[in-house]
Amino acid sequence: MASKFVPGDYILTPKRSSAGIGLFAGQDIPKGVCVIEYVGKEVPEADQYTNKSRYLFGIGEKRMVDGKPKINKAGYINHSCAANCEPEIYKGRIFIMSKKTIKKGEELTYDYGAEYFNDIILGDGGCKCAKCAVTGNGQKKRRA
């Protein structure tokens, strides 16, 4: 595995956030590092459209991982329209990389993408990320 994709030994704590339970940094995390790996069981192709989990993560054409939080600390990372992390897929595995320096106490977030945003977040009453909570608009428009 390339060293870029080795998760650091960061202190990460699930706790209450504006969007439910989130994952928070217990220490400063530098920009451009692998923070954590998103792990879970691969979902058979036949079950991908009937699976009701909200923790499904596509890892390629016809491949999906179900990362329910009990087995996957990265599953607590919430969506944000102003994300500080981004997922990168490498050899069928999902790594969460920091897009900027993340300060101790800051919630880790990444953009879940247009499909999830339109199908799930809008259906739950709009975006509850910190950016949308501050502006009060809840990002109620569909994204392309």
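The values are calculated or read from the model by the stated rules, or taken from the named source; none is laboratory data. Keep in mind it's a predicted model, so treat the numbers as computed, not measured. So basically every Cβ, Gly included, is an ideal-geometry build from the backbone, and we count neighbours across all protein chains shown.
Numbers for the structure displayed
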read-out	value
Unmet criterion (only one of (1) touching a Lys or Arg at 6+ places or on another chain (Cβ under 6 Å); (2) within 20 Å of GLU107 (Cβ to Cβ); (3) not aromatic (Phe, Trp, Tyr)) for GLU45	(2)
Within the stretch 40-56, tally of residues that are in contact with a helix residue (DSSP H, G or I) (Cβ under 7 Å, 6 or more places away or on another chain) and without any contact (Cβ under 8 Å) to a residue 40 or more places away in the chain	2
Given (1) at pLDDT 90 or above; (2) surrounded by 15 or more Cβ atoms within 10 Å (Cβ to Cβ); (3) under 20 Å from SER17 (Cβ atoms), index of the condition ILE94 fails	(3)
Cβ-Cβ under 7 Å pairs, at least 6 apart or on other chains, the stretch 57-78 side in contact (Cβ under 8 Å) with a residue 60 or more places away in the chain, far side part of a helix (DSSP H, G or I) and surrounded by fewer than 21 Cβ atoms within 10 Å (Cβ to Cβ)	TYR76/PRO69
Among residues of the stretch 7-27, those that are in a strand (DSSP E or B), under 13 Å from ALA74 (Cα atoms) and either modelled with pLDDT under 95 or not aromatic (Phe, Trp, Tyr) (or both), counted	8
Subset of the stretch 30-88 that is at pLDDT below 85 and of a type in the set (S, T, N, Q) - its residue that is surrounded by the fewest Cβ atoms within 10 Å (Cβ to Cβ)	THR50
Pick from the stretch 58-81, criterion assigned to a strand (DSSP E or B) and under 9 Å from the mean Cα position of the chain (by Cα), ranking: nearest to LYS15 (Cα to Cα)	ASN78
Pairs where the first residue, in the stretch 98-119, is farther than 13 Å from GLY26 by Cα and the second is assigned to a helix (DSSP H, G or I), C-beta under 9 Å, 6+ apart	THR109/ALA130; ASP111/PHE117; TYR112/ILE120; TYR112/ILE121
